[in-house]
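Note sheet for the following structure.
Any read-out appearing in this document is the output of simple, stated calculations on the displayed coordinates, not a laboratory observation. Nothing here was measured: the structure is a model prediction, and the numbers come from that model. When we count neighbours, we look across all protein chains shown, and the Cβ atoms used for this are built from the backbone with ideal geometry, even at glycine.
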Amino acid sequence: MPLVGSKAPEFELPVFDPNDPTNTAKTVKLSDYRGKWLVFFWYPLDFTFVCPTEITALSDRLDEFQEIGAEVLGASTDSIYSHKAWANTPRDQNGIAGLRYPIAADMTHSVARDYGVLLEDQGVALRGLFIIDPEGVLQFATIHSLNVGRSVDEVLRVLQALQTGGLCPADWRPGQKTLGG
């Protein structure tokens, strides 16, 4: 697993981009996000139960991330074709219709391995979330069990705290003073 404070592992992955759904040959690289903050998250599999709750929650609040100079990129070990099919499935049928950011496909498992989220014996990723700064340095990492979804509020709070560059106490919120500031 990459260490916080070090360069994030480089990647180049094929993506399903809902903003260009006919282009199945599109790829993204970490360097595409230079100059912006990146919330790069991993989930286990398409067409599961907890995953769409996280993916749609992040999508529904994408504007909040973009307003503070951040982009969101999801990833799993599924194919871009599976991502596309899932994005074309209505939300009330456990789909992610209305998705607004790209989802990468790591079918070789190499990037999931580089980020320390791969369950080798199952060929799927744990729930991992990485916040990478505009220079490509990993500033936050969390990896946890498959059965618990993440909080968008907490991801935004941590991102905003990191962006202050200051010392943020427990439960710090935007608009509050940092320690010593």
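By how many nm would the segment from residue 107 to residue 7 grow when fully extended, if each residue of separation counts as 0.36 nm and the alpha-carbon distance is taken off?
Details: separation 100, 0.36 × 100 = 36.00 nm, distance 2.32 nm.
Gain in length upon complete extension: 33.7 nm.
Would you compute, from DSSP H runs of 4+ residues alone, the mean residue ellipticity of the chain at 222 nm, taking -39500 (n - 2.57) per run and dividing by the full residue count, rounded to the nearest 500?
Details: 5 runs with 42 residues, N = 181.
About -6500 deg cm²/dmol.
Taking 0.36 nm per residue of separation and subtracting the Cα-Cα distance, what length does fully extending residue 81 through residue 151 add?
Full extension of this stretch gives 22.5 nm more.
How charged is the neighbourhood of residue 40? Take every other residue with its Cβ under 14 Å from the Cβ of residue 40, and add Lys/Arg as +1 and Asp/Glu as -1.
Around residue 40, the charge tally is -2.
7 Å from Cα along Cα→Cβ at both residue 47 and residue 31: what's the point-to-point distance in nm?
Placing both labels 7 Å along Cα→Cβ, they lie 3.6 nm apart.
By average Cβ neighbour count within 10 Å, what is the ranking of 70-82, 6-18 from highest down?
In descending order of packing, they fall as 70-82, 6-18.
What percent does the relative contact order of the chain come to when contacts are Cα pairs within less than 8 Å and at least six residues apart?
27 percent
Within a 10 angstrom radius of the beta carbon, how do 83, 109, 144 rank from fewest other beta carbons to most?
On the way: 83 27, 109 16, 144 13.
Ranking 83, 109, 144 by Cβ neighbours within 10 Å, fewest first, gives 144, 109, 83.
Add +1 for every Lys or Arg and -1 for every Asp or Glu among the other residues with Cβ under 15 Å from the Cβ of residue 9, and state the total.
Details: positive: 7, 29, 34, 113; negative: 10, 12, 32, 106, 114, 133, 135.
Taking every other residue near residue 9 into account, the sum is -3.
Could you let me know the centre-to-centre spacing of the stretch 36-104 and the stretch 1-22, using Cα atoms, in angstrom?
The distance from the Cα centre of the stretch 36-104 to that of the stretch 1-22 comes to 13 Å.
If we count every other residue with Cβ under 15 angstrom of residue 164's Cβ, Lys/Arg +1 and Asp/Glu -1, where does the sum land?
Counting the neighbours of residue 164, the net charge comes to +1.
How do 36, 29 rank when sorted from fewest to most other Cβ atoms within 10 Å of their own Cβ? Working shown, then result.
Numbers: 36 15, 29 11.
So the ranking, lowest neighbour count to highest, is 29, 36.
Take every DSSP beta bridge with both residues inside the stretch 12-164 and express the antiparallel ones as a percent of the total, to the nearest 5. If you can, show how the numbers build up before the last one.
Values: 18 of 27 bridges.
The answer is about 65 percent antiparallel.
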